[in-house]
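Following: one structure in structure tokens, then a few remarks.
The values are calculated or read from the model by the stated rules, or taken from the named source; none is laboratory data. Since we're looking at a predicted model, the values are computed, not measured. Here the Cβ positions follow ideal geometry from the backbone for every residue, glycine too, while neighbour counts run over all protein chains shown.
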Amino acid sequence: MNVLEHVPQWRELVAEIIESEKPGAKLRLIFPNYIYPYEPHFQIPTLFNKRLTRLVMSKKLTNSTFGNTPITDPLLFWEDLSWPTGSQVAKYCREMGYECTFSHKAFSSYLVRFQEDESFRERKGKLFTMGASIILPILTLLTSQMPYKYLPVIDITVTRSS
């Protein structure tokens, strides 16, 4: 599932999906890691929390596009974003008795795509592209060494216990 950050009540969604499956079922979640001060959908820096970011960046929010397509109702879109982090998802899964395993596969493929796909870079915006081009070589080297929950793209598999 690649839309977890678009679900305001993501905890309930994860529980509903995993509980509807047989024991041993797996749910793979891939989403941006909101420990980093950048909102990828609106291509803006974040400022501590959604409320302050919305206040300071309101003009940018209301004039946002997704790629070349204007966002129909940007403030509703903004309100629906849940800003999950890898640590939050892992903690919730442990509390619910689910097993969770982090991986670096999604982030590694993201780095390859960023290097090879010009249209992908264009959709990410100038600020992201500029920052990423500066730190990309470092990130490529560190990706396999970074703790998974600190990667900019979270890739976690949740397993329903028996």
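Step by step: first the residues of the range 63-86, then only those that are outside any loop (DSSP other than H, G, I, E, B) and among the β-branched types (Val, Ile, Thr), then the one that is nearest to Tyr150 (Cα to Cα). Which residue is that? Restricting to residues being outside any loop (DSSP other than H, G, I, E, B) and among the β-branched types (Val, Ile, Thr), the top hit is Thr65.
Restricting attention to the range 129-162, the residues that are surrounded by fewer than 16 Cβ atoms within 10 Å (Cβ to Cβ) and part of a helix (DSSP H, G or I) total 12. Is it the case that some residue within the range 91-113 is over 27 Å from Arg160 (Cα atoms) and loosely packed, with under 12 Cβ neighbours inside 10 Å? Yes: one or more hits.
Cβ separations smaller than 6 Å between residues 6+ apart or across chains give the following pairs from the range 19-37 residues that are free of Cβ contacts under 8 Å to residues at least 24 places away in the same chain to residues that are part of a strand (DSSP E or B): Pro37/Pro45. If you go through the range 87-128 and keep only what is of a type outside the set (A, V, I, L, M), at pLDDT 80 or above, within 19 Å of the chain's Cα centre (by Cα) and assigned to a helix (DSSP H, G or I), you end up with Ser87, Gln88, Lys91, Tyr92, Cys93, Lys105, Phe107, Ser108, Ser109, Tyr110, Arg113. For Glu39, are the conditions met, namely being surrounded by 18 or more Cβ atoms within 10 Å (Cβ to Cβ) and charged (D, E, K, R)? Yes, satisfied.
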